Amino acid sequence: MQEPATNPQSQNRLEEFQRDGYVVADPLFNSSEMTDLNGQISRFIRDVVPKMADTEVYYEDKSDKTSLKQLQRMFEYDGYFKDLIFNSVVREIAEEVLQDEVVPVNMQYFNKPAGIGQATPPHQDGYYFHLTPCEAVTGWLALEDVDHENGCIHYVRGSHRYEDFRPHGQTGVLGFSQGMTDFGTADDQKNTVSFPGKAGTFLMHHARTIHWAGANRSPSRSRRALGFIYYAKRARLDQTKRDAYQRRLDEQLLNSAKI
Ligand SMILES: O=C(O)CCC(=O)C(=O)O
């Protein structure tokens, strides 16, 4: 980052992030910006998804193309989304809270289709990032209104300050292969905060912050969001471990006939 954060809004954001392990902008984008963005998402799904590798496109039910669940690395396929992750206010917030230049790593689409969208198991993103130090963030933008019925995000406040990652194991949930195996302690429960909000609500969490989301129990509403992953420049990636993890994951997915 060129200069340290100096304005009061940035200062508050930094303090909140360091204290809680997340920040909230409610909203980050207004309704006309969200209309444009949602139009771009529809275009991407219609024109680009058919050209993407199977390992980047997940469905709740792969025989049903209306049940799109997750997209990976959208910015590698499309200039609009490349600009959004590289050149937007989202990157500025990432640099502010990490106090460093950042490397854009992934842009993901997360959908929970009406009625069948599964819960996101409790996890810490850094567990599978393989970074030292583990300095990275995930931004999460609600593309439509989110609440307890369609599966809003929950954080465990302050969990980014735990010294070690909590134990994780296989979940069997497509797109969230690793989940915490000991989730639900008294501290987890006491410090849980949930984030219902309008389209345009934006969250950003530290890679150690424990988070999860409920299933979509609405019979008629989807729950769509965009995820933005940035690593701090000072974080070193163990590429060998990371590649081995990705290979194992892709093999498991292909073998289990989930993708
Ligand atoms: O959208 C969700 O349900 C989960 C998102 C998530 O886990 C993440 O962005 O790290």
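The values are calculated or read from the model by the stated rules, or taken from the named source; none is laboratory data. Everything numeric here is computed off the predicted structure, so don't read it as measured data. Heads up, the Cβs are rebuilt from the backbone with ideal geometry, glycines too, and the neighbour counts pull from every protein chain shown.
Would you confirm, using the coordinates I've provided, whether residue 18 is farther than 30 Å from residue 259 by Cα and at pLDDT below 95?
So residue 18 does not fit the description; no.
Go over the candidates 62, 112 one by one and state the one that is surrounded by fewer than 21 Cβ atoms within 10 Å (Cβ to Cβ) and closer than 15 Å to residue 173 by Cβ.
Being surrounded by fewer than 21 Cβ atoms within 10 Å (Cβ to Cβ) and closer than 15 Å to residue 173 by Cβ holds for just one of 62, 112, which is 62.
Are there any pairs with C-beta distances below 7 angstrom linking a residue in the range 109-120 that is closer than 14 Å to residue 147 by Cα and among the hydrophobic types (A, V, I, L, M, F, W, C) to a residue that is part of a loop (DSSP other than H, G, I, E, B) and more than 8 Å from the ligand (Cβ to nearest atom), with the two at least 6 apart or on different chains, and if so which?
These pairs meet every condition: 114/216; 114/218; 114/219; 114/220; 114/221; 114/222; 119/214; 119/215.
Give me the residue from the range 195-254 that is assigned to a loop (DSSP other than H, G, I, E, B) and hydrophobic (A, V, I, L, M, F, W, C) and, out of that set, farthest from the ligand (Cβ to nearest atom).
By that ranking, first place goes to 235.
Find all pairs meeting these conditions: Cβ atoms under 8 angstrom apart; at least six residues apart or on different chains; first residue within the range 226-253 and farther than 30 Å from residue 29 by Cα; second residue within 16 Å of the ligand (Cβ to nearest atom) and assigned to a helix (DSSP H, G or I).
245/128
Of all residues in the range 77-109, count the ones that are under 16 Å from the mean Cα position of the chain (by Cα), hydroxyl-bearing (Ser, Thr, Tyr) and surrounded by fewer than 20 Cβ atoms within 10 Å (Cβ to Cβ).
Qualifying residue count for the region: 0.
So how many residues does the range 163-187 have that are among the hydroxyl-bearing types (Ser, Thr, Tyr), over 15 Å from residue 245 (Cβ atoms) and either at pLDDT below 95 or touching a Gly at 6+ places or on another chain (Cβ under 9 Å) (or both)?
Qualifying residue count for the region: 1.
With respect to residue 42, is the statement that it is among the hydroxyl-bearing types (Ser, Thr, Tyr) and in a loop (DSSP other than H, G, I, E, B) true?
no
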